[in-house]
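Throughout, read-outs are computed from the coordinates displayed, never taken from laboratory work. Bear in mind that the values here come from a model prediction, so they are computed numbers and not experimental data. Cβ placement follows ideal geometry from the backbone for every residue including glycine, while neighbour counts extend to all protein chains displayed.
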Amino acid sequence: MGKVPGILTVRAHMWKRTNGLDNVPAPIRGYAIRNHPEYLDVPKLWDDTPNPTSWELYKSTHKPAE
């Protein structure tokens, strides 16, 4: 948007996987199995680095309009 004032809108959809992979819709599960099998298991190493929110990340990478 350059120097044009505006707003940031974030829309996210998520759910808690309570019944294993059967709780994940088949198209998403198939895509993950084929393309990102590393996401199907709990990480062996856990990184305690704080995870920024979408707004915090946006704010840190964009300058305000003048």
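Distance in nm between label sites at Val10 and His36, each 7 Å beyond Cα in the beta-carbon direction?
Rounded to a tenth, the inter-label distance reads 1.6 nm.
Aspartates and glutamates near Lys3 by alpha-carbon distance under 20 Å, same-chain residues fewer than 8 away left out - which ones?
Within the straight-line cut-off, Lys3 pairs with Glu56, Glu66.
With +1 on each Lys and Arg Cβ and -1 on each Asp and Glu Cβ, how big is the dipole of the chain about its Cα centre, in debye rounded to the nearest 20?
260
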